[in-house]
Amino acid sequence: MFNFSKVLPNVANNELDSPKIAVWGFVLFTVLMTYRSIIHMFFESHGFHGIANFIVLTGDPDPMPIIYRFFSLWGSAQLIFCFVCWVVIFKYKSLIPLMSVFWVLDWGQRLFLYPLIREDITSIGEYTINITPGVDLAPLPFAIAVVIFLISVANKRES
């Protein structure tokens, strides 16, 4: 049923021998992740306060410009990874299982690793007014990435 050797194919080409839903699921997931990346990169103050629920910090000098810069750089890194995903979608579909593994690792570390090392900002506290969606909703993209991965390594049904 599953062929895990698809994760590292011998030849990277534009053919994926998996159900078509794997490609379309990966496309939709990449659209969502690209949108998220653009918000983080270009609309960092809105993403930081309006979406991520972090408060405005004050001080002298004002700490927010440097915080926005790091938030924007994070969005830039996300956007670069999304660009690689778009290249895979258009030119190297056989690498979708591998890219799905990377998405599973990205969202999985948010769920399982990050709360262990940074629990002070993963709940409502002195820096936030509400739980950030990247923490609160992380199980959903993680589950979607796992499903896309499993479908992408599944064999097509013989008709």
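What number, rounded to the nearest 500 deg cm²/dmol, is the helix-based mean residue ellipticity at 222 nm of the chain, given -39500 (n - 2.57) per DSSP H run of at least four residues and division by all its residues?
Details: 6 runs with 86 residues, N = 159.
Computed ellipticity for the chain at 222 nm equals -17500 deg cm²/dmol.
Take Leu150: with every protein chain present and a 1.4 Å probe, its accessible area is about 60 Å².
Normalised by 2.2 N^0.38 Å, where N counts its residues, the alpha-carbon radius of gyration of the stretch 1-84 equals 1.56.
Just to verify a number: FRET efficiency for Ile67 and Leu140, C-beta to C-beta distance, R0 = 22 Å, to 0.05?
Numbers: r = 26 Å, r/R0 = 1.20.
For Ile67 and Leu140, the calculated efficiency is 0.25.
The alpha carbon gyration tensor of the stretch 55-127 gives principal lengths a ≥ b ≥ c with a/c of 1.5 or higher and a/b no greater than b/c, which makes the shape oblate. Does anyone have the angle between helix 96-108 and the longest principal axis of the chain? Alpha-carbon axes, 0 to 90°, nearest 10? Tilt relative to the chain: about 30 degrees.
Size check on the chain: the Cα extents along the three principal axes, sorted descending, read 66, 27, 22 Å. Taking Cα atoms only, the orientation of helix 64-91 departs from the longest principal axis of the chain by about 10 degrees. Against the main long axis of the alpha-carbon atoms of the chain, helix 139-152 sits at an angle near 20°. If you run the Gaussian network model on the chain, springs between alpha carbon atoms under 10 Å, then out of Trp103, Trp24, Trp86 the most flexible one is Trp24. Based on Cα atoms of the stretch 24-73, Rg over Rh with Rh as the Kirkwood radius reads 1.14.
Each residue of the stretch 43-54 is assigned a 3J(HN,Hα), and the resulting list reads 10, 4, 5, 5, x, 6, 9, x, 9, 7, 6, 7 Hz, derived from the Karplus form 6.51 cos²θ - 1.76 cosθ + 1.60 (θ = phi - 60°), x at Gly and Pro.
The values are calculated or read from the model by the stated rules, or taken from the named source; none is laboratory data. These figures come from a predicted structure and were not determined experimentally. Virtual Cβ from ideal backbone geometry, glycine too; neighbours counted across all protein chains shown. These area figures cover heavy atoms from the full protein model, side chains too; ligands, DNA and RNA do not enter into them. Shrake-Rupley method; radii C 1.70, N 1.55, O 1.52, S 1.80 Å.
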